[in-house]
Amino acid sequence: MAASEKQSHIASIQGEGFADYRIKPAGERAEYTAIVMLEPFDWRNKRAFGYDMWSNDMRRQAMTRARDTGQASTSGLITLVQETDEDVQAGFLTYVPHYKKGLPLTSVSERRAAFLGWVYAPFRMNNLMRGILGSDGLDVSYKVYDGEVGEASLLFQSERNDTPAVDSQLTPVYKQSSISLQGRKWIIEFENRLGEVDVAESQQPIIIAAAGLIINLLLFYVITSMSLLQKRAEKLAGEMTAELLASRNNLELIVQQRTAALEKERQLLESRVSERTLDLRKEVHQSERLVAALSDSNEELSQFAFAASHDLQEPLRMVVSFTQLIQQTYGDKLDDQGREYLDIAASSALKMRSLINDLLDYARLDQDSERLAEVDCNAIVASVIEGMAAVIDRQKAIITVDQLPLIKGSPVRFNSLIYNLISNALKYCPPDRSPKVYIKLEDMGANWKFIVADDGIGISDEYLEKIFKPFKRLHGHDEFSGTGMGLAICQRIVINMGGKLWAESELGKGSQFIVILPKKID
Ligand code: ADP
């Protein structure tokens with residue numbers, strides 16, 4: 001890895017649970033390698049965990065050779081980092097390069113491009129030779145050198161045998177052989193240890209021994225690497241299969257549990273949904289019945305109000321006419337008290353008549369379905385004002401009217417709406433002042449906004465909604481006359497036209513009645 005990748009590499013290994021992981025030896029270098037997997041991961045091998053073999057010349061040569069040739073490559077003599085202070089042995093390392101699958105590996109540059117890392121095996125020379133030759137030893141003593149003969153390159157020296165001491169007078173017999181081992185040359189030096197023998201004769205066992213040793217060494221390489229590989233592969237495969245099996249079983253169990261839990265939840269949900277649906281159906285049915293009953297009773301009520309007020313009109317007309325007749329015919333025959341009683345009866349009968357008329361108007365709003373027609377608001381407002389000329393004159397009122405639109409609706413009802421609002425504006429004014437009334441219009445896009453504003457006595461906030469209820473009045477008859485039905489009638493008219501009506505006011509300063517009417521009425 002390049003120096004820039006070092007920190008993220010350390011963090012990723014630490015993230016796997018090795019908090020103490022570092023690249024050894026410390027220090028800044030341009031490139032790093034690190035031993036990241038060791039098997040077995042025992043105390044001795046752990047000494048090599050994180051070791052940067054690239055930092056060491058001898059190792060780097062073999063690593064480079066392995067990477068560039070694609071072949072297994074053996075290092076020269078080294079001391080393994082796994083070595084402790086005891087029984088220090090010469091050692092060497094063998095590297096096998098590992099490349100990305102599927103990439104071409106025919107040239108050095110292709111191999112470098114596809115290169116991933118090395119698999120390596122460390123060898124301690126004494127242990128290795130003991131492993132190959134057993135403890136029997138040969139009748140010859142021998143030394144193994146890496147590259148050239150010399151103390152510094154001595155890989156191995158066979159144990160000294162105690163059998164017949166060699167006479168120092170006799171010329172010892174030497175034999176040197178070399179083998180080429182994965183990029184290195186090993187020199188094996190044999191020495192005759194049998195004393196007095198003919199040089200020519202003594203060469204023979206040495207040659208045989210040398211050949212045997214070399215063959216042994218080569219065989220060792222082939223066999224150990226094969227069997228090691230196989231064993232590791234088998235072990236790994238076994239472990240992986242077991243792990244896979246365990247995790248598959250685990251997964252199956254989890255899936256089964258989750259499926260069962262989900263199925264339970266689904267059933268629960270389904271039963272809740274159907275319960276709720278049933279409840280809702282019942283509720284809908286009930287409220288439908290209620291609505292039907294309510295509209296029936298509303299209908300009945302308004303029919304009753306209509307019939308009652310209609311039927312009351314006739315006898316009331318008689319009462320009014322006859323009290324007036326009594327006043328005219330017998331008025332002068334009564335004393336003062338009698339006349340006063342008669343006046344009260346006559347004015348009460350008149351009040352009753354206007355109350356019944358209003359009630360009839362109100363009930364009629366639901367009774368007849370008037371055909372929609374074009375309503376010329378300017379014309380209607382002008383005729384209403386004209387009809388009130390006497391009052392306007394008496395009060396010296398000023399009424400200002402904006403240019404008004406043509407709308408769709410019932411001219412009679414629009415007339416009634418405007419009449420009630422203007423007559424209230426004139427009525428609810430302090431007696432010592434001349435009322436000023438404005439009829440304004442605002443275009444709100446889909447709707448028209450009519451405002452009937454006055455500078456009269458105003459309405460306190462708590463009554464702004466209540467005044468629209470039938471018979472609701474805020475004043476006695478001695479103060480302001482009225483039936484309390486005017487605004488209730490207005491409200492019903494506006495609602496029937498698909499609009500809205502409300503009041504805004506400041507007590508003592510005046511009120512505004514706001515009427516919103518849709519431009520298009522279906
Ligand atoms: P009424 O026949 O009493 O005028 P309405 O339904 O028209 O009945 O009005 C209900 C009450 O609302 C009135 O008694 C009055 O107290 C109040 N009111 C209506 N219009 C106005 C207004 N322009 N200014 C002040 N108060 C008003």
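Observations, loosely collected:
- Just one of the listed residues (ARG29, ARG22, ARG65, ARG44) is in contact (Cβ under 8 Å) with a residue 24 or more places away in the chain, touching a Gly at 6+ places or on another chain (Cβ under 8 Å) and surrounded by fewer than 17 Cβ atoms within 10 Å (Cβ to Cβ), namely ARG22.
- Which listed residue is modelled with pLDDT under 85, within 16 Å of the ligand (Cβ to nearest atom) and closer than 24 Å to PHE471 by Cα, from LEU359, LEU350: LEU359
- For region 347-357, the count of residues that are on the phi < 0 side of the Ramachandran plot, among the hydroxyl-bearing types (Ser, Thr, Tyr) and outside any helix (DSSP H, G or I) is zero.
- Members of region 389-425 found to be at pLDDT 95 or above, surrounded by 20 or more Cβ atoms within 10 Å (Cβ to Cβ) and either in contact with a Gly (Cβ under 9 Å, 6 or more places away or on another chain) or part of a loop (DSSP other than H, G, I, E, B) (or both), listed by number: ALA397, LEU404, TYR419, ASN420, LEU421, ASN424, ALA425
Here is a yes/no grid of residues against (1) within 27 Å of ALA349 (Cα to Cα); (2) near the ligand (Cβ under 9 Å from one of its atoms); (3) of a type in the set (Gly, Ala, Ser); (4) free of Cβ contacts under 8 Å to residues at least 24 places away in the same chain:
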{"site": "SER434", "(1), (2), (3), (4)": "no, no, yes, no"}
{"site": "LYS440", "(1), (2), (3), (4)": "no, no, no, no"}
{"site": "MET444", "(1), (2), (3), (4)": "no, no, no, no"}
{"site": "LYS449", "(1), (2), (3), (4)": "no, no, no, no"}
{"site": "ARG473", "(1), (2), (3), (4)": "yes, yes, no, yes"}
{"site": "GLY476", "(1), (2), (3), (4)": "yes, no, yes, yes"}
{"site": "GLY484", "(1), (2), (3), (4)": "yes, yes, yes, yes"}
{"site": "LEU501", "(1), (2), (3), (4)": "no, no, no, no"}
{"site": "ILE516", "(1), (2), (3), (4)": "no, no, no, no"}
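- Taking residues in region 270-298 that are surrounded by 10 or more Cβ atoms within 10 Å (Cβ to Cβ), and partners anywhere that are modelled with pLDDT under 90, the pairs with Cβ atoms closer than 9 Å and at least 6 places apart or on different chains are ASN298/ASP366.
- Unique match (being under 56 Å from the mean Cα position of the chain (by Cα), within 17 Å of LEU501 (Cβ to Cβ), assigned to a loop (DSSP other than H, G, I, E, B) and aliphatic (A, V, I, L, M)) among ILE439, ILE459, ILE451: ILE459
- Residue tally, condition under 23 Å from PRO431 (Cβ atoms) and surrounded by 20 or more Cβ atoms within 10 Å (Cβ to Cβ), over region 483-522: 7
- Subset of region 486-499 [more than 12 Å from the ligand (Cβ to nearest atom) and polar (S, T, N, Q)]: ASN496
The values are calculated or read from the model by the stated rules, or taken from the named source; none is laboratory data. Because the structure is a prediction, the values reported are computed rather than measured. All Cβ positions, glycine included, derive from the backbone under ideal geometry; neighbour counts span all protein chains shown.
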